[in-house]
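Read through the structure below, which is laid out as C-alpha cells, and then see the notes.
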Amino acid sequence: MDRLQIAAIVVAVVLFAASIYFRPAASPPRVTELTPSPVAETQNPPPQSEAPIAPPRVTAEVTAAAQILTLRNDAVAVRVSSRGARVEGVELLNYHATVARDSGPVELVTTPLNGGMFLYLGGEPLRSFEDAPAQITSSDAQHVELRVERDGIVVTRKIELDDSGHGGRFTVTIANDNAGGEALHPKLQLAFYGQERPAAAPDHFPKYSLAVSADGSVKRTPLLGVGTSGFVNSLLGRGPPTGTAYPEPVEWVGVDSQYFLFAAVAQNPREATGFAGPLGSDIGQAALTLEQFDVPPNTRLERSYRLYFGPKIEEIVAGVDPQLGRDIDAGYAFVRPLVAIFGSTLHWMYDHVVANYGIAIILLTVLVKLVTFPLTQRSMKSMKRFSLIAPQMKQIQEKYANDSEKLQEEMMKLYRQKGMNPLTAFGGGCVPTLIQMPVLIALYFALQTSIDLRHAPFALWIRDLSAPENFLSIAGVPIRVLPLLMGGSMFLQQRLSPAPNADPQQRQMMTLMSVMFTFMFYQFPAGLVLYWLVSNVLGVVQQLLVNRSPQPATTASERAA
C-alpha cells in the first residue's frame, strides 16, 4: 500500500469519527433570516415580524405580585405563574440533575428571568392581556385555569398535566363578548427559552438546542454561541446570526438536549410556522406561531397545544404525541438497525445478566468480535502470508522503480507464483478497522440515545458512561485513562500486524492514525471508548495467536479472487 492510499484511508476514518462527533443539524428548506426584537426590561413591545419578542424580565416586584402554582403528577412538577400563565419551572421527578443521588431532580427551565414557556396573543388590545394579573378560576394538583377580563374581552389560559407521565396540554380561549365592539385579531406565538449552562456546571445539558420540527424534519440550533458570529464569520466581517424562520407546516417547537425535551405540538401544523434565533450570546428562543384569526363580537376562539416535558425515550415521547418521535436521533439510516439491536442488547444484558452497563458494553464487544471473527481472522492470516514475500516485493519495486508497466507485470507474476490475492495487499491491513466503523457509529448513537446510560457508573472513577471520564486534572487539563489506554492498544495492535511490504512510511502513517484516534476519542463518552479499548485488546490477542500459528497453505478462495 503506497502513502497516498494510506493517507486516503486515514482521512476517511477521520471523517467518519468527526461526522458522529460534530454532526450538524440538517439545513432547513426555504430559510428566511429575521431579526428578533431585543429583550424587554418591563414591557412587551408588539411583535414586528415572525420572530417573537422576549417576555419581560421577572423583577422582584412582578414576582411578589404573581402567584406561583405547582402542578404535579408522578413524573413532573410544573410551576406556573398567575401572570400570563408563564411556565417558571419544570422538574423531572424521576431523573437526578447530576451524578450525585442527592442532587435533586432535573430542571428543564434554564432561563429564570424569562421563564421556560410564554404565550403571546398579538397586537392591541390583546397584548395588554399577555402579562396581566389573572384570576385563578379553578385549580387542583394537575391543572390551573387563569382568566383575565376587561372591556368585554375574556382571555382564559389553562395548563394541565396528564394523570401520569410526561404529557400535558395548554389551552387558550379568547372571547369577544363586546357586542358593540370591533373584531379581535389574535396572532398566537408560543415561545420557548433556553440558555446554555457553563460546560463545567454539574447540571450542564449536552447538545442543548432550540428545536423546530418543520415538514417532518427536526431542525436544531445549538444554544452554545447562538448569538455570536463564530470564528469564520468574524474573520469575514459578518455580524452575529439573526435567527431562522420556518414556513408551514410546523409540527412542534421546543428546546431539547441530548436526553430531554420540552416542547409543544401544534393542533394543526398547516396553520403553524416556526422560528429559532438568539437573544444573546448563549440564550435563544424558539416559537410556534399560528396564523392570525378573526374573533368577531359575540364569538370566541379556542386553540390547544399538546405539551411534552420529559426524557427522549421513543416509546414515552411517541406515547404523548407520535409527531414528537422524530426528535429521537437514531443516527444515519444505514446504521439505525444496528442502533436498535445494540440498544436492546445492552438493556437485556443489564436486566438479565449483570446490572452494570460497563460490563454489558464489554460483553457486547465480545459478541461483536465473535460475529466479525471470520472476516478479521481471514484478513490477519492473509496479511501474514503477504508479509513473508515483502522482501521480494521490495526488490521488484526497487528494480523497476522507473518502469511502472514492468513493475505491475512482475508483481502480478509474483502473486501468481505464490497463489495469493493481490487485493489483500491493497488495504487488507485496514480491514479490521474498517469492519468496526459501522459498529462504532451505531454504538455511538446507541449510547447517545439511551438515557439509561446517563449517569450510569462502571467502576472506580468512571461514574458516567455517557460522558468523558476524568481520572484527574493537571493545571485544568483532564487526564483520561481510557482514551490513553485505547490509543496504546491501537498502536500495539498495528505494530503486531504484519506489513504487506517493507515500506517504513506505512508504519509511520499507522502510528499517526493511533495518535489521531486518541485525540478524537478524548472527548467521546466513556462507554464508547471502553468499547474500542476492549475491541483492540481482543484484536491484540487474536493477532498474537495468528502470528504464532504455523503458516497456513494458500486457500483456493484467495487464488480465485
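Laboratory data are not the source of any read-out in this text; all were calculated from the coordinates shown. None of these values were measured; they are calculated from a predicted model. Glycine also receives a Cβ, built like all others from the backbone with ideal geometry; neighbour counts cover every protein chain displayed.
Worth pointing out:
- Neighbour-count ranking [beta-carbon atoms within 10 angstrom, fewest first] of 96, 352: 352, 96
- Placed amide H near residue 184: partners under 5 Å, 5+ positions off or other chain: 295
- Computed from backbone phi, the HN-Hα couplings of the range 267-272 come to 5, 9, x, 6, 10, 10 Hz, rounded to whole numbers (Karplus: 6.51 cos²θ - 1.76 cosθ + 1.60, θ = phi - 60°; Gly and Pro given as x).
- Remark on residue 455: its backbone amide H falls under 5 Å from those of 465, 466, a criterion applied only to residues 5 or more positions apart or on other chains, H modelled at 1.01 Å from N.
- The Rg/Rh ratio for the range 73-329, using Cα coordinates for both the radius of gyration and the Kirkwood hydrodynamic radius, is 0.98.
- Counting beta carbons within 10 Å around each of 192, 517, 262 and listing the fewest first gives the order 517, 262, 192.
- In sequence order, the range 539-546 has phi-based couplings of x, 5, 4, 5, 5, 4, 5, 5 Hz under the Karplus curve 6.51 cos²θ - 1.76 cosθ + 1.60, θ = phi - 60°, and Gly or Pro positions carry x.
- Relative contact order %, the range 77-215, counting alpha carbon pairs below 8 Å whose residues are six or more apart: 22 percent
- Amide H contacts of residue 123: 187, each under 5 Å away and 5 or more positions distant or on a separate chain (H built 1.01 Å from N in the peptide plane; Pro and chain starts excluded).
- Across the range 341-347, computed HN-Hα scalar couplings (Karplus, 6.51 cos²θ - 1.76 cosθ + 1.60, θ = phi - 60°) run 5, 5, x, 5, 5, 4, 5 Hz from first to last residue, x flagging Gly and Pro.
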